[in-house]
Amino acid sequence: MTKVQRWGNSQGVRLSREVLAQAGLDVGDELDVGVQDGVVVLTPVRRVRGRVSLDDLVQRIPDDYESEEVAWGAPAGEEVW
């Protein structure tokens with residue numbers, strides 16, 4: 001059990017080490033906070049190398065984007081083409 005506490009001008013909830021471990025979280029991890037049917041839901045924000053996830057990047061691709069082939073030139077080492 002825990003309770004909402006005031007920290008300066010904000011409110012917060014402390015989570016035990018055990019709860020963090022079970023959720024695969026660590027101090028400093030980012031959480032998305034939401035409410036579903038009156039229940040507070042904390043969801044870990046999974047990022048690649050501390051930045052954004054692949055799903056987030058793909059969602060930013062414009063609908064009218066058309067990819068094109070890029071010529072990288074001749075092999076520079078022992079690449080097999």
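Using only helices, what value at 222 nm comes out for the chain when you add -39,500 (n - 2.57) per DSSP H run of length 4 or more and divide by the total residues, to the nearest 500 deg cm²/dmol?
After summing the helix terms and dividing by the residues of the chain, the value is -4000 deg cm²/dmol.
Just need log10 I(q)/I(0) for the stretch 5-59 at q = 0.23, 0.26, 0.27, 0.28 Å⁻¹, Debye formula, equal scatterers on the alpha-carbon atoms, no solvent, rounded to two decimals.
Debye intensities relative to I(0), on a log10 scale: -1.09, -1.16, -1.18, -1.19.
Relative contact order for the chain: what percent, with Cα pairs under 8 Å and sequence separation of 6 or more? Write out the running numbers ahead of the final one.
On the way: 39 pairs, mean separation 9.8, N = 81.
Computed value for the chain: 12 percent relative contact order.
Between Gln22 and Lys3, what is the label-to-label distance in nm when each label sits 7 Å out along the Cα-to-Cβ direction?
Distance between the two pseudo-spin positions: 2.2 nm.
Dipole size in debye (nearest 20) for the chain around its Cα centre, Lys and Arg Cβ +1, Asp and Glu Cβ -1?
Here the chain has a charge dipole of around 1020 debye.
Whose amide H sits under 5 Å from the amide H of Leu31, counting only residues 5 or more places off or on another chain, with H placed in the peptide plane?
Distant-sequence amide H within range of Leu31: Val45.
Just want the answer: with Cβ charges of +1 for Lys and Arg and -1 for Asp and Glu, which residue in Gly77, Ser10, Leu31 is farthest toward the dipole's positive end in the chain?
Ser10
No lab work stands behind these numbers, since they all come straight from the coordinates. If you're wondering where the values come from, they're calculated on a predicted model, not measured in any experiment. Because the Cβ atoms are built from the backbone with ideal geometry, glycine has one as well, and the counts that use them run over all protein chains shown.
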